[in-house]
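Comments concern the structure below.
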Amino acid sequence: MDIIEVQFTPWDQIYYFSYPEQTDHSRVVMGNKLVVKTSIGLELGTIVGLKKLKDEEVKALESKDQPVVPFIRVANDDDIAQDAKSNTDNASRVKYCQGQVKKHKLTMKLVDCHCSFDNNRITFAFIADGRVDFRDLVKELTKHFKKTIRLQQLGVRDEAKLTGDFGSCGLKLCCQGHLKSLGNVSTEFAKDQMIAHRGSDRLSGQCGRLKCCLAYEEDFYREELKNYPKIGEKVKTKSGTGYVIGLNILSKTFDVRIKDDKKGDAIVQVDIK
């Protein structure tokens with residue numbers, strides 16, 4: 001099935017839609033906008049990806065409460081103008097909400113807000129360390145704006161994606177550039193790639209979390225590690241028997257410490273056969 005990936009705001013997740021019958025596919029291109037119907041109302045979203053999915057992949061999405069339904073239409077000038085008008089006052093909305101957050105003494109940081117295409121709903125995005133009881137805040141905002149209010153909690157990586165910056169490589173942050181989904185980056189990645197000793201300062205991005213680029217070569221390292229002994233494993237070499245103390249994936253070697261009571265310890269490098 002031909003699938004269209006749509007995002008309503010830079011900090012929201014990606015939603016999936018299919019083509020209505022008799023659609024002019026030439027107008028469904030990256031960056032164009034679509035009017036779509038979601039479970040909570042009409043929205044105007046930006047096309048961020050086009051792909052083909054197998055039937056089982058579509059079923060997997062729908063099993064996660066992400067039904068793949070046809071979009072309504074490609075947005076016209078009036079649709080785009082209407083959406084812009086609905087979001088004109090977002091700065092003042094955020095300012096008012098910030099005042100209420102302070103009033104209710106909530107430990108949360110507001111990032112942005114978005115008004116739905118049908119002008120019936122406002123979503124406020126925020127960052128917090130843990131769960132926040134914002135029920136009283138929602139009541140106050142609903143009364144003030146006279147619209148349905150949603151609060152959506154983001155992670156610090158989402159904030160970096162929204163605000164943007166440059167990485168230590170000198171290029172735009174991957175999360176703001178080409179990464180659609182941030183995914184999970186584990187400390188195991190640094191261990192597999194033998195760079196955990198560099199410390200968190202060098203391995204962390206602007207968001208304070210592990211750099212997304214650690215995931216780019218993880219599959220390669222995991223596959224290569226199958227050919228190597230484990231750290232601490234006892235092995236035989238031409239120079240004697242010792243214990244593995246280091247792996248060098250790129251040079252296809254591993255280091256072995258060989259104990260010799262007379263000559264002292266020696267470290268030899270062994271090639272992977």
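Below is a table of values for the structure above.
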| item | result |
| --- | --- |
| Residue match in the range 83-90 (condition: more than 30 Å from Pro20 (Cβ to Cβ) and within 27 Å of the chain's Cα centre (by Cα)) | yes |
| Residue within the range 145-155 that is in the same structural domain as Val132 (by TED's automatic domain parsing), more than 20 Å from Gln7 (Cα to Cα) and in a loop (DSSP other than H, G, I, E, B) present | yes |
| Residue match in the range 148-168 (condition: of a type in the set (Lys, Arg) and under 27 Å from Val270 (Cα atoms)) | no |
| Selected residue (only one of Val185, Val235 is of a type in the set (Val, Ile, Thr), surrounded by 11 or more Cβ atoms within 10 Å (Cβ to Cβ) and either assigned to a helix (DSSP H, G or I) or under 16 Å from the mean Cα position of the chain (by Cα) (or both)) | Val185 |
| Count of the range 19-58 residues which are of a type outside the set (Lys, Arg), surrounded by fewer than 16 Cβ atoms within 10 Å (Cβ to Cβ), at pLDDT 85 or above and more than 24 Å from Cys115 (Cβ to Cβ) | 6 |
| Within the range 22-34, considering residues that are in contact with a Gly (Cβ under 8 Å, 6 or more places away or on another chain) and not charged (D, E, K, R), the one farthest from Leu151 (Cα to Cα) | Met30 |
| Selection within the range 121-132 - over 16 Å from Gly45 (Cα atoms) and touching a residue at least 24 places away in the same chain (Cβ under 8 Å) | Phe124, Ala125, Phe126, Ile127, Ala128, Val132 |
| Single match in Arg209, Arg222 (criterion: among the basic types (Lys, Arg), within 26 Å of Gln269 (Cα to Cα) and either over 18 Å from the mean Cα position of the chain (by Cα) or not assigned by TED's automatic domain parsing to the domain that holds Ile14 (or both)) | Arg222 |
| Exclusive hit being within 28 Å of Asp133 (Cα to Cα), of a type in the set (A, V, I, L, M) and modelled with pLDDT under 90, set Ile3, Ile14 | Ile14 |
| Counted residues, the range 223-273 - those being among the small types (Gly, Ala, Ser) and either in contact with a helix residue (DSSP H, G or I) (Cβ under 9 Å, 6 or more places away or on another chain) or within 13 Å of Gln193 (Cα to Cα) (or both) | 2 |
| Hey, Val268 crowded, with 17+ Cβ neighbours inside 10 Å, more than 30 Å from Glu5 (Cα to Cα), in contact with a Gly (Cβ under 8 Å, 6 or more places away or on another chain) and of a type in the set (A, V, I, L, M, F, W, C) or not | no |
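The values are calculated or read from the model by the stated rules, or taken from the named source; none is laboratory data. Keep in mind the model is a prediction, meaning the values are calculated, not measured. Glycine gets a Cβ as well: all are built from the backbone with ideal geometry, and neighbour counts include every protein chain shown.
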